[in-house]
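Colleague: Structure below; questions to follow.
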């Protein structure tokens with residue numbers, strides 16, 4: 001799943017994303033992956049993926 005957004009994500013998109021387990025930050029929105037993030041990244045916004053198909 002690829003998710004894209006901007007810093008102006010609306011409430012409806014935020015609610016839908018929340019239902020799918022995706023969170024957008026209130027300020028300067030970002031994708032947060034709590035399971036596959038880069039351990040050297042304090043903000044958990046760098047997604048760590050081994051392979052792409």
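The values are calculated or read from the model by the stated rules, or taken from the named source; none is laboratory data. The shown structure was predicted, so the numbers you read here are calculated from the model rather than taken from an experiment. Ideal geometry is used to build each Cβ from the backbone, glycine not excepted, and the neighbour counts take in all protein chains shown.
Colleague: When you check residue 3 against the structure, is it in a loop (DSSP other than H, G, I, E, B), in contact with a helix residue (DSSP H, G or I) (Cβ under 8 Å, 6 or more places away or on another chain) and at pLDDT below 80, yes or no? Steps first, answer last, please.
Modeller: Numbers: in a loop (DSSP other than H, G, I, E, B): yes; in contact with a helix residue (DSSP H, G or I) (Cβ under 8 Å, 6 or more places away or on another chain): yes; at pLDDT below 80: yes.
Yes, satisfied.
Colleague: Could you tell me which residue of the range 7-37 is surrounded by the fewest Cβ atoms within 10 Å (Cβ to Cβ), considering only residues that are part of a loop (DSSP other than H, G, I, E, B), at negative phi and modelled with pLDDT under 70? Explain how you work it out, then say what you get.
Modeller: Step one: filter the range 7-37 for residues part of a loop (DSSP other than H, G, I, E, B), giving 7-10, 20-23, 25-30, 32-36.
Pick out the ones that are also at negative phi and you get 7-10, 20, 22-23, 25-27, 29-30, 32-36.
Narrowing further to those that are modelled with pLDDT under 70: 7, 27, 29-30, 32-33, 36.
Working: 7: 11, 27: 6, 29: 17, 30: 14, 32: 15, 33: 17, 36: 11.
Looking at residues that are part of a loop (DSSP other than H, G, I, E, B), at negative phi and modelled with pLDDT under 70, I get 27.
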